[in-house]
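Chemist: Pasting a structure below so you can have a look.
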């Protein structure tokens, strides 16, 4: 939905335009706030339907959109709709006295519930305008999506993609040592919690260059893991460095390990240090990024960013902004106090003196 709000010409814009377009009247509309508004509307209407539809119809909506509560006995909602329906099949009494042998009862309930939800949302889209969207932005931002291991209160976390690494990050410290304008070394310490049984490693995508011209950066396993390099599945796809653990983790098991990436191509000028959240998220105050600049090549300004497009993160905040970081003696650090969401990017950006 956010991508649809950014450009109506994309595939997302074409398929989701009917949902996103009405939010253009939201005061101070940004792609993120417009996406939150639509998500908040969906969450609110699903909640209201819970009082007028059969329990099974309400539960299939919760399963489809990964909203709480998750069925007893499950740590979180499964990745696919079919698998989530299998979770619902085990809820005692929801589909009769016996567990259904197929997904047919869930599919019937889903068809009816989806028709009612679509009609309710369509009515609201024709009535809400301007400041009327503001309450839904708040609902969307506070809505719980899925669950995280060892964290019964999951407020604020969004659902990971189906291909996300099945771990939740309790602590992640990224230390970057610069050589002139290049990120020479990047040391990452991680404290993870497994989101499912059988987690035996963590994939690291250490790359340099811009989109379309990416190259591998050598990765070293520093502590409590060993390195296994996996070749790309397709031609010209970079390889993946897999940090393998000494044992398979069970759901909710924790593990600490660290690695280092060294960029031997010292021609690549860096404009930011970026962290992609390709797993289930980082808890509050769990992500810290540190940058040690070359004493002979200091930036003129530094600032942290969160959940921004590339063009946005390059914009220097105005004087007095809390996002500005004091370069001082060449060391900057920022801890992200809020939780870091799946599928988002966080980092520290900087501008170099001209000439």
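The values are calculated or read from the model by the stated rules, or taken from the named source; none is laboratory data. Here the structure is a predicted model, which is why all the values come from computation and not from measurement. Cβ placement follows ideal geometry from the backbone for every residue including glycine, while neighbour counts extend to all protein chains displayed.
Chemist: Do we find that residue 354 is closer than 22 Å to residue 33 by Cβ and either out of contact with any helix residue (DSSP H, G or I) (no Cβ under 8 Å at 6 or more places or on another chain) or modelled with pLDDT under 90 (or both) in this structure?
Modeler: Values: closer than 22 Å to residue 33 by Cβ: no; either out of contact with any helix residue (DSSP H, G or I) (no Cβ under 8 Å at 6 or more places or on another chain) or modelled with pLDDT under 90 (or both): yes.
In short, no.
Chemist: Being farther than 30 Å from residue 341 by Cβ and touching a helix residue (DSSP H, G or I) at 6+ places or on another chain (Cβ under 7 Å) is the requirement here; does residue 98 meet it?
Modeler: Working: farther than 30 Å from residue 341 by Cβ: yes; touching a helix residue (DSSP H, G or I) at 6+ places or on another chain (Cβ under 7 Å): no.
Criteria not met by residue 98.
Chemist: Looking at (1) at pLDDT below 90; (2) loosely packed, with under 13 Cβ neighbours inside 10 Å, which is the one condition that is false for residue 241?
Modeler: Among (1) at pLDDT below 90; (2) loosely packed, with under 13 Cβ neighbours inside 10 Å, the lone unmet condition for residue 241 is (2).
Chemist: From 298, 325, grab the single residue that is surrounded by 15 or more Cβ atoms within 10 Å (Cβ to Cβ), in contact with a strand residue (DSSP E or B) (Cβ under 8 Å, 6 or more places away or on another chain) and under 29 Å from residue 354 (Cα atoms).
Modeler: Values: 298 fails: in contact with a strand residue (DSSP E or B) (Cβ under 8 Å, 6 or more places away or on another chain).
On inspection, the qualifying residue turns out to be 325.
Chemist: Looking only at the range 301-322, count every residue that is over 12 Å from residue 347 (Cα atoms) and touching a strand residue (DSSP E or B) at 6+ places or on another chain (Cβ under 6 Å) and tell me the total.
Modeler: So the answer is 3.
Chemist: Here's a follow-up. Would you confirm, using the coordinates I've provided, whether residue 80 is under 26 Å from the mean Cα position of the chain (by Cα), closer than 26 Å to residue 280 by Cβ, touching a residue at least 40 places away in the same chain (Cβ under 8 Å) and surrounded by fewer than 15 Cβ atoms within 10 Å (Cβ to Cβ)?
Modeler: Numbers: under 26 Å from the mean Cα position of the chain (by Cα): yes; closer than 26 Å to residue 280 by Cβ: yes; touching a residue at least 40 places away in the same chain (Cβ under 8 Å): yes; surrounded by fewer than 15 Cβ atoms within 10 Å (Cβ to Cβ): yes.
For residue 80, the condition - under 26 Å from the mean Cα position of the chain (by Cα), closer than 26 Å to residue 280 by Cβ, touching a residue at least 40 places away in the same chain (Cβ under 8 Å) and surrounded by fewer than 15 Cβ atoms within 10 Å (Cβ to Cβ) - is met.
Chemist: Give me a count of the residues in the range 271-293 that are surrounded by fewer than 16 Cβ atoms within 10 Å (Cβ to Cβ) and in contact with a helix residue (DSSP H, G or I) (Cβ under 9 Å, 6 or more places away or on another chain).
Modeler: So the count comes out to 1.
Chemist: Could you please let me know if residue 296 is closer than 30 Å to residue 162 by Cα and either out of contact with any helix residue (DSSP H, G or I) (no Cβ under 7 Å at 6 or more places or on another chain) or without any contact (Cβ under 8 Å) to a residue 24 or more places away in the chain (or both)? I'd like the intermediate steps shown before the answer.
Modeler: On the way: closer than 30 Å to residue 162 by Cα: no; either out of contact with any helix residue (DSSP H, G or I) (no Cβ under 7 Å at 6 or more places or on another chain) or without any contact (Cβ under 8 Å) to a residue 24 or more places away in the chain (or both): yes.
When the stated conditions are applied, residue 296 does not pass them.
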